[in-house]
1. Take each of the peptides 36-42, 72-78, average the number of other beta-carbon atoms within 10 Å over its residues, and list them starting from the highest.
2. Quick one: 3J(HN,Hα) in Hz for segment 78-88, Karplus 6.51/-1.76/1.60 with θ = phi - 60°, rounded, Gly and Pro as x.
3. Once you put a point 7 Å from the Cα of Gln120 and another 7 Å from the Cα of Glu92, both along the Cβ direction, what distance in nm separates them?
4. If I ignore ligands, DNA and RNA and count only protein heavy atoms, how much of Glu201 is accessible to a 1.4 Å probe, in Å² to the nearest 10?
5. Treating cross-link reach as a plain straight distance, find the lysines whose alpha-carbon is under 18 Å from the alpha-carbon of Lys218, omitting any fewer than eight places away in the same chain.
6. Which lysines, if any, have their Cα less than 17 Å from the Cα of Lys70, not counting same-chain residues under 8 positions apart?
7. Grab the beta carbon distance between Lys200 and Arg41, set R0 = 30 Å, and tell me the FRET efficiency rounded to 0.05.
8. Can you list, bin by bin at 10 Å, the percent of alpha carbon pairs in segment 82-164, starting at 0?
Amino acid sequence: MEKQGKKAIVIGASSGIGLEVAKLLVGAGWTVGVGARRVERMQQIGAVAVEQIDVTESNATAALQQLIDKTGGMDLFFYASGIGKQNRELHEDIELATMQTNALGFTRMIGAAYRYFALQGYGHIAAITSIAGTKGLGPAPAYSATKAMQATYLQALEQQANKRGLDIRITDIRPGFVDTALLSGDVRYPMMLRPERVAKEIVAAINQQSHVRIIDWKYRILTAFWRRIPRFVWRRMKL
């Protein structure tokens, strides 16, 4: 996709990967509109438009349309909103909040972007899922389940767009552990990546119109190994 004159919407731009991707797109000459729950954190990005958007609320799609209008259109929709916690005790509030954001919120916003691009005749959807969707992870059941759902949903949209002859590109971004507020707390995670580095690879994947991008090479090896582990072995692994 040619950058000059292109317009991007970034949802989840108040922190972490979404913030860093928004800054890179602005620096690369994109006209960028940003949305998230915490408006004050997005004021310094350099975006042309800022909108408060909570993806769990029913008015989120209307807020997205307002953001698109303020930006002057949309050619790229980048989605970075999400939550996740380890929940070995399966606390109900954590599981349901994760489903609300990562499943319902994701479906709401990705669906709105897809419909917009279908009417427009073209567009590019790039969304952060996770390598956690590769296998069911015991420490984070709702998180890994919703990430698997997200990847499958994007794959389904890609197939549908092709069947309908729509020029809609889909890029599924699958990071490993990234040093953001999402993973803050007492748990120590291996092979932690810096959000700035992850953002650079994401922008490269968008420019290359990659279908799926696992970030980075260590996680590409890890997920390839995970996929080959038989179910009867996986359920006995201590994670």
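1. Final packing ranking: 72-78, 36-42.
2. Running phi through 6.51 cos²θ - 1.76 cosθ + 1.60 with θ = phi - 60° gives 10, 10, 10, 6, x, 10, x, 9, 5, 8, 5 Hz.
3. Each label point lies 7 Å from its Cα, and together they span 4.2 nm.
4. Solvent-accessible area, nearest 10 Å²: 40 Å².
5. Lys135, Lys200
6. Counting by Cα, and skipping residues close in sequence, Lys70 has these lysines nearby: Lys6, Lys7.
7. Efficiency for this residue pair is about 0.90.
8. With 10 Å bins starting at 0, P(r) equals 18, 45, 25, 11, 1.
The values are calculated or read from the model by the stated rules, or taken from the named source; none is laboratory data. This one's a predicted model, so the numbers in the text were calculated from it and none came from an experiment. No Cβ is skipped: glycine too gets one built from the backbone with ideal geometry, and neighbour counts run over all protein chains shown. With ligands, DNA and RNA removed, areas are computed over all heavy atoms of the protein, side chains included. Shrake-Rupley method; radii C 1.70, N 1.55, O 1.52, S 1.80 Å.
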